[in-house]
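In what follows, a structure is listed as C-alpha coordinates, so that the remarks can point back to it.
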Amino acid sequence: MGKDVIVACDFPNAEQTLAFLDKFQGRKPFVKIGMELFYGAGPDIVRQIKARGHKIFLDLKLHDIPNTVKKAMMVLRDLDVDICNLHAAGTIRMMEAALEGLTRPDGSRPMLIAVTQLTSTDQEALEKDLLIERPIDEVVMHYALNARKAGLDGVVCSPLEAGKVHDVCGKDFLTVTPGVRFADGDVGDQKRVMTPAEAKKVGSDYIVVGRPITAAEDPVAAYERCIAEFIG
Ligand code: C5P
(Lines give C-alpha, C1' and ligand atoms only; values in the text may rest on other atoms or scores of the structure.)
Protein backbone atom coordinates (compact mmCIF):
# COMPACT_ATOMS: atom_id res chain seq x y z
CA MET A 1 0.00 0.00 0.00
CA GLY A 2 1.69 3.19 -1.20
CA LYS A 3 1.37 6.70 0.15
CA ASP A 4 -0.66 9.09 -1.98
CA VAL A 5 -2.19 12.54 -2.22
CA ILE A 6 -6.02 12.45 -2.39
CA VAL A 7 -7.60 15.50 -4.02
CA ALA A 8 -10.89 16.55 -2.35
CA CYS A 9 -13.17 17.39 -5.29
CA ASP A 10 -15.58 19.56 -3.33
CA PHE A 11 -17.57 20.84 -6.31
CA PRO A 12 -21.38 21.11 -6.55
CA ASN A 13 -21.83 19.31 -9.86
CA ALA A 14 -20.38 16.92 -12.43
CA GLU A 15 -19.50 19.63 -14.99
CA GLN A 16 -17.19 21.54 -12.65
CA THR A 17 -15.62 18.33 -11.36
CA LEU A 18 -14.89 16.88 -14.77
CA ALA A 19 -13.59 20.24 -16.07
CA PHE A 20 -11.25 20.33 -13.07
CA LEU A 21 -10.01 16.77 -13.69
CA ASP A 22 -9.53 17.54 -17.42
CA LYS A 23 -6.74 19.93 -16.44
CA PHE A 24 -4.61 17.01 -15.29
CA GLN A 25 -4.35 15.51 -18.79
CA GLY A 26 -2.16 12.39 -18.44
CA ARG A 27 -2.16 12.35 -14.61
CA LYS A 28 -4.84 10.49 -12.67
CA PRO A 29 -4.98 11.88 -9.12
CA PHE A 30 -6.65 9.85 -6.36
CA VAL A 31 -10.01 11.65 -5.96
CA LYS A 32 -12.18 12.20 -2.89
CA ILE A 33 -15.92 12.48 -3.55
CA GLY A 34 -17.78 13.93 -0.58
CA MET A 35 -21.42 14.52 0.30
CA GLU A 36 -21.78 17.73 -1.71
CA LEU A 37 -20.80 16.18 -5.03
CA PHE A 38 -22.41 12.78 -4.36
CA TYR A 39 -25.77 14.26 -3.36
CA GLY A 40 -25.58 16.89 -6.11
CA ALA A 41 -24.51 14.70 -9.01
CA GLY A 42 -25.67 11.24 -7.89
CA PRO A 43 -23.83 7.90 -7.98
CA ASP A 44 -23.16 8.25 -11.70
CA ILE A 45 -20.37 10.76 -10.99
CA VAL A 46 -18.52 7.95 -9.18
CA ARG A 47 -18.83 5.68 -12.23
CA GLN A 48 -17.70 8.46 -14.58
CA ILE A 49 -14.59 9.33 -12.56
CA LYS A 50 -13.77 5.64 -12.10
CA ALA A 51 -14.13 5.07 -15.87
CA ARG A 52 -11.52 7.81 -16.40
CA GLY A 53 -9.06 5.72 -14.42
CA HIS A 54 -8.96 7.50 -11.05
CA LYS A 55 -8.90 5.82 -7.65
CA ILE A 56 -11.77 7.06 -5.47
CA PHE A 57 -12.28 7.70 -1.77
CA LEU A 58 -16.05 7.98 -1.26
CA ASP A 59 -16.39 10.15 1.85
CA LEU A 60 -20.02 9.69 2.92
CA LYS A 61 -19.40 9.04 6.66
CA LEU A 62 -22.20 6.55 7.28
CA HIS A 63 -23.76 6.39 10.77
CA ASP A 64 -27.01 4.47 11.39
CA ILE A 65 -28.22 1.19 12.88
CA PRO A 66 -26.03 -1.78 11.87
CA ASN A 67 -28.57 -3.30 9.47
CA THR A 68 -29.11 -0.05 7.58
CA VAL A 69 -25.38 0.61 7.26
CA LYS A 70 -24.80 -2.95 6.08
CA LYS A 71 -27.44 -2.57 3.34
CA ALA A 72 -26.05 0.82 2.29
CA MET A 73 -22.54 -0.63 2.07
CA MET A 74 -23.89 -3.44 -0.16
CA VAL A 75 -24.92 -0.71 -2.60
CA LEU A 76 -21.62 1.18 -2.33
CA ARG A 77 -19.50 -1.94 -2.93
CA ASP A 78 -20.89 -2.16 -6.47
CA LEU A 79 -19.68 1.38 -7.23
CA ASP A 80 -16.18 -0.10 -7.20
CA VAL A 81 -14.60 2.66 -5.11
CA ASP A 82 -11.24 2.19 -3.40
CA ILE A 83 -12.00 3.63 0.06
CA CYS A 84 -15.32 4.15 1.95
CA ASN A 85 -15.88 5.52 5.43
CA LEU A 86 -18.24 5.70 8.42
CA HIS A 87 -18.40 7.15 11.92
CA ALA A 88 -16.73 5.03 14.61
CA ALA A 89 -19.35 6.51 16.99
CA GLY A 90 -21.82 4.05 15.41
CA THR A 91 -20.23 1.31 17.60
CA ILE A 92 -18.12 -1.78 16.89
CA ARG A 93 -21.23 -3.72 15.89
CA MET A 94 -22.13 -1.14 13.27
CA MET A 95 -18.58 -1.20 11.88
CA GLU A 96 -18.61 -5.02 11.68
CA ALA A 97 -21.95 -4.91 9.87
CA ALA A 98 -20.53 -2.32 7.46
CA LEU A 99 -17.59 -4.58 6.63
CA GLU A 100 -19.94 -7.49 5.98
CA GLY A 101 -22.01 -5.37 3.63
CA LEU A 102 -18.97 -4.02 1.82
CA THR A 103 -17.47 -7.46 1.16
CA ARG A 104 -18.33 -8.80 -2.30
CA PRO A 105 -19.26 -12.46 -2.91
CA ASP A 106 -15.68 -13.09 -4.18
CA GLY A 107 -14.23 -11.79 -0.88
CA SER A 108 -12.84 -8.53 -2.31
CA ARG A 109 -13.90 -5.16 -0.89
CA PRO A 110 -12.99 -1.46 -0.87
CA MET A 111 -10.92 -0.34 2.11
CA LEU A 112 -13.02 0.90 5.02
CA ILE A 113 -11.87 3.64 7.37
CA ALA A 114 -13.54 5.38 10.32
CA VAL A 115 -13.98 8.98 11.36
CA THR A 116 -13.07 9.10 15.07
CA GLN A 117 -14.07 12.57 16.26
CA LEU A 118 -14.62 15.22 13.62
CA THR A 119 -11.85 17.82 13.63
CA SER A 120 -14.61 20.42 14.05
CA THR A 121 -15.45 18.94 17.48
CA ASP A 122 -13.36 20.41 20.28
CA GLN A 123 -13.05 19.49 23.95
CA GLU A 124 -15.79 21.94 24.94
CA ALA A 125 -18.32 20.51 22.45
CA LEU A 126 -17.34 16.98 23.45
CA GLU A 127 -18.18 17.74 27.10
CA LYS A 128 -21.12 20.11 26.72
CA ASP A 129 -22.91 18.70 23.67
CA LEU A 130 -21.98 15.03 23.81
CA LEU A 131 -21.44 14.59 27.58
CA ILE A 132 -18.11 12.85 26.93
CA GLU A 133 -15.80 13.98 29.70
CA ARG A 134 -12.53 12.30 28.70
CA PRO A 135 -9.72 14.22 26.96
CA ILE A 136 -10.38 14.35 23.21
CA ASP A 137 -7.16 12.57 22.20
CA GLU A 138 -8.06 9.68 24.52
CA VAL A 139 -11.48 9.49 22.85
CA VAL A 140 -9.89 9.56 19.38
CA MET A 141 -7.49 6.70 20.26
CA HIS A 142 -10.30 4.66 21.84
CA TYR A 143 -12.43 5.04 18.70
CA ALA A 144 -9.43 4.16 16.52
CA LEU A 145 -8.89 0.98 18.57
CA ASN A 146 -12.60 0.15 18.21
CA ALA A 147 -12.24 0.51 14.44
CA ARG A 148 -9.26 -1.84 14.47
CA LYS A 149 -11.14 -4.35 16.64
CA ALA A 150 -14.01 -4.30 14.13
CA GLY A 151 -11.52 -5.17 11.36
CA LEU A 152 -11.40 -1.80 9.61
CA ASP A 153 -8.33 -0.66 7.67
CA GLY A 154 -7.72 2.67 9.37
CA VAL A 155 -9.05 6.07 10.36
CA VAL A 156 -9.48 9.59 9.10
CA CYS A 157 -7.65 11.84 11.57
CA SER A 158 -5.74 15.06 11.96
CA PRO A 159 -2.08 14.73 10.87
CA LEU A 160 -1.30 15.76 14.46
CA GLU A 161 -2.82 12.45 15.60
CA ALA A 162 -1.32 10.20 12.91
CA GLY A 163 1.83 9.23 14.84
CA LYS A 164 -0.10 8.31 17.99
CA VAL A 165 -2.69 6.32 16.01
CA HIS A 166 0.15 4.26 14.53
CA ASP A 167 1.68 3.77 18.00
CA VAL A 168 -1.65 2.59 19.44
CA CYS A 169 -3.09 0.65 16.49
CA GLY A 170 0.00 -0.47 14.59
CA LYS A 171 1.98 0.75 11.59
CA ASP A 172 -0.26 -0.99 9.05
CA PHE A 173 -3.39 0.74 10.32
CA LEU A 174 -4.01 3.53 7.80
CA THR A 175 -4.07 7.20 8.71
CA VAL A 176 -5.84 9.37 6.15
CA THR A 177 -5.30 13.00 7.07
CA PRO A 178 -7.05 16.20 5.92
CA GLY A 179 -6.00 19.60 7.28
CA VAL A 180 -2.99 19.98 5.00
CA ARG A 181 -1.70 23.36 3.87
CA PHE A 182 1.42 24.67 2.13
CA ALA A 183 3.76 26.61 4.41
CA ASP A 184 3.08 29.80 2.40
CA GLY A 185 -0.66 29.13 1.80
CA ASP A 186 -4.05 30.16 3.21
CA VAL A 187 -5.24 28.14 6.23
CA GLY A 188 -8.94 28.93 5.55
CA ASP A 189 -11.28 27.33 8.12
CA GLN A 190 -8.88 24.50 9.03
CA LYS A 191 -7.53 25.02 12.53
CA ARG A 192 -4.77 22.55 13.18
CA VAL A 193 -2.80 22.11 9.96
CA MET A 194 0.44 20.58 8.72
CA THR A 195 2.36 20.91 5.46
CA PRO A 196 2.62 17.86 3.16
CA ALA A 197 6.28 17.49 4.21
CA GLU A 198 5.35 17.51 7.92
CA ALA A 199 2.52 15.03 7.30
CA LYS A 200 5.08 12.75 5.65
CA LYS A 201 7.36 13.04 8.69
CA VAL A 202 4.64 12.06 11.17
CA GLY A 203 3.74 9.02 9.06
CA SER A 204 0.41 9.91 7.40
CA ASP A 205 -0.42 7.28 4.79
CA TYR A 206 -2.68 9.47 2.66
CA ILE A 207 -3.14 13.23 2.79
CA VAL A 208 -6.48 14.70 1.69
CA VAL A 209 -6.00 18.10 0.09
CA GLY A 210 -8.85 20.29 -1.16
CA ARG A 211 -8.62 24.05 -1.59
CA PRO A 212 -4.80 24.31 -1.74
CA ILE A 213 -5.20 22.42 -5.05
CA THR A 214 -8.77 23.14 -6.24
CA ALA A 215 -8.56 26.90 -5.61
CA ALA A 216 -4.96 27.29 -6.83
CA GLU A 217 -4.22 29.38 -9.90
CA ASP A 218 -2.48 26.32 -11.34
CA PRO A 219 -4.08 23.24 -9.73
CA VAL A 220 -1.80 20.79 -11.54
CA ALA A 221 1.32 22.58 -10.27
CA ALA A 222 -0.13 22.63 -6.74
CA TYR A 223 -0.87 18.90 -6.98
CA GLU A 224 2.67 18.19 -8.22
CA ARG A 225 4.03 20.24 -5.32
CA CYS A 226 2.00 18.15 -2.85
CA ILE A 227 3.28 14.94 -4.42
CA ALA A 228 6.89 16.21 -4.34
CA GLU A 229 6.65 17.28 -0.67
CA PHE A 230 4.72 14.23 0.56
CA ILE A 231 6.20 11.42 -1.52
CA GLY A 232 9.20 12.68 -3.47
O1 C5P B 1 -10.12 22.30 1.31
P2 C5P B 1 -9.52 21.45 2.37
O3 C5P B 1 -8.09 21.01 2.09
O4 C5P B 1 -9.69 22.01 3.77
O5 C5P B 1 -10.39 20.11 2.29
C6 C5P B 1 -10.27 19.05 3.20
C7 C5P B 1 -11.26 18.00 2.88
O8 C5P B 1 -11.21 17.00 3.90
C9 C5P B 1 -12.70 18.48 2.82
O10 C5P B 1 -13.37 17.68 1.83
C11 C5P B 1 -13.24 18.17 4.19
O12 C5P B 1 -14.62 17.92 4.19
C13 C5P B 1 -12.47 16.90 4.53
N14 C5P B 1 -12.34 16.61 5.96
C15 C5P B 1 -11.73 17.48 6.86
N16 C5P B 1 -11.64 17.14 8.19
C17 C5P B 1 -12.14 15.97 8.62
C18 C5P B 1 -12.72 15.08 7.73
C19 C5P B 1 -12.82 15.44 6.38
O20 C5P B 1 -11.26 18.53 6.47
N21 C5P B 1 -12.01 15.65 9.90
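The values are calculated or read from the model by the stated rules, or taken from the named source; none is laboratory data. Quick caveat, the model's predicted, so the values are computed rather than measured. Methodologically, a virtual Cβ is constructed for each residue, glycine included, from the backbone with ideal geometry; neighbour enumeration extends over all protein chains shown. These area figures cover heavy atoms from the full protein model, side chains too; ligands, DNA and RNA do not enter into them. Shrake-Rupley method; radii C 1.70, N 1.55, O 1.52, S 1.80 Å.
Please report, largest first and rounded to whole Å, the three semi-axes of the ellipsoid equivalent to the stretch 1-45, where each semi-axis is the square root of five times an eigenvalue of the C-alpha gyration tensor.
Numbers: eigenvalues 73, 37, 12 Å².
With the √(5λ) rule applied to the stretch 1-45, the semi-axes are 19, 14, 8 Å.
Take every Cα pair under 8 Å in the chain that's 6+ residues apart, average their separations, divide by the length, and report that relative contact order as a whole percent.
Relative contact order here is 19 percent.
Where Rh is the Kirkwood radius over the Cα pairs of the chain, the temperature 37 °C and the viscosity 0.692 mPa s, what D in µm²/s does Stokes-Einstein return?
182
What is the dipole size for the chain, taken about its Cα centre, with +1 at each Lys and Arg Cβ and -1 at each Asp and Glu Cβ, in debye to the nearest 20? Before the final figure, lay out each step's value.
Working: 29 positive and 34 negative charges, 134 e Å.
So the magnitude is around 640 debye.
Under the rule of -39500 (n - 2.57) per DSSP H run of 4 or more residues, summed and divided by the residues of the chain, what mean residue ellipticity at 222 nm is obtained, to the nearest 500 deg cm²/dmol?
Counting only the DSSP helices, I get -12000 deg cm²/dmol.
Can you give me the P(r) profile for the stretch 112-199? Cα pairs, bins 10 angstrom wide beginning at 0, each as a whole percent.
17, 45, 32, 6
What relative contact order, as a whole-number percentage, does the stretch 94-232 give when Cα pairs under 8 Å and 6 or more residues apart are counted? Please report the intermediate quantities before stating the final value.
On the way: 185 pairs, mean separation 25.5, N = 139.
Once normalised by length, the contact order is 18 percent.
Over the Cα atoms of the stretch 45-143, what is the Rg over Rh ratio if Rh follows Kirkwood?
Working: Rg = 15.4 Å, Rh = 14.6 Å.
Checking Rg against Rh, the ratio lands at 1.05.
Restricting to Cα pairs below 8 Å that are 6+ residues apart, what does the relative contact order work out to for the stretch 132-207? Please round to a whole percent.
Result for the stretch 132-207 is 29 percent.
Please report the antiparallel percentage of the DSSP beta bridges confined to the chain, to the nearest 5. Intermediate results must be reported in sequence, preceding the final value.
Details: 0 of 27 bridges.
Antiparallel bridges make up about 0 percent of those DSSP assigns within the chain.
Within the P(r) computed for the stretch 177-232, what percentage of the Cα pairs occupies the region above 17 Å?
26
Positive end of the dipole of the chain, charges at C-beta (+1 Lys, Arg; -1 Asp, Glu), about the Cα centre: which of LEU21, ALA88, GLY101 has its Cα farthest in that direction?
So the residue furthest toward the plus end is GLY101.
Provide the per residue accessible area, probe 1.4 Å, for the chain, rounded to a whole number of square angstrom. Before the final figure, lay out each step's value.
On the way: 11170 Å² over 232 residues.
Using a 1.4 Å probe on heavy atoms only, each residue of the chain averages 48 Å².
Which of the residue pairs LYS50/LYS191; LYS28/LYS61; LYS32/LYS71 have a Cα-Cα distance greater than 28 Å in the structure shown? All intermediate terms of the calculation are to be shown ahead of the outcome.
Values: LYS50/LYS191 32 Å; LYS28/LYS61 24 Å; LYS32/LYS71 22 Å.
From the list (LYS50/LYS191; LYS28/LYS61; LYS32/LYS71), the Cα-Cα distance tops 28 Å for LYS50/LYS191.
If the cut-off is a Cα-Cα distance under 18 Å, which aspartates and glutamates reach LYS70, setting aside same-chain residues fewer than 8 apart in sequence?
List returned: ASP59, ASP78, ASP80, ASP82, GLU96, GLU100, ASP106, ASP153.
About its Cα centre, how strong a charge dipole does the stretch 174-223 have in debye, to the nearest 20, once Lys and Arg get +1 and Asp and Glu get -1 at the Cβ?
Its charge dipole is roughly 260 debye.
How do ASP189, ASP205 rank by accessible surface area computed with a 1.4 Å probe, from largest to smallest? Write out the running numbers ahead of the final one.
On the way: ASP189 105, ASP205 15 Å².
Heavy-atom accessible area, descending, gives ASP189, ASP205.
Express in Å², to the nearest 10, the accessible area of SER120 obtained by rolling a 1.4 Å probe over the protein heavy atoms while all chains stay in place.
Rounded to the nearest 10, that gives 100 Å².
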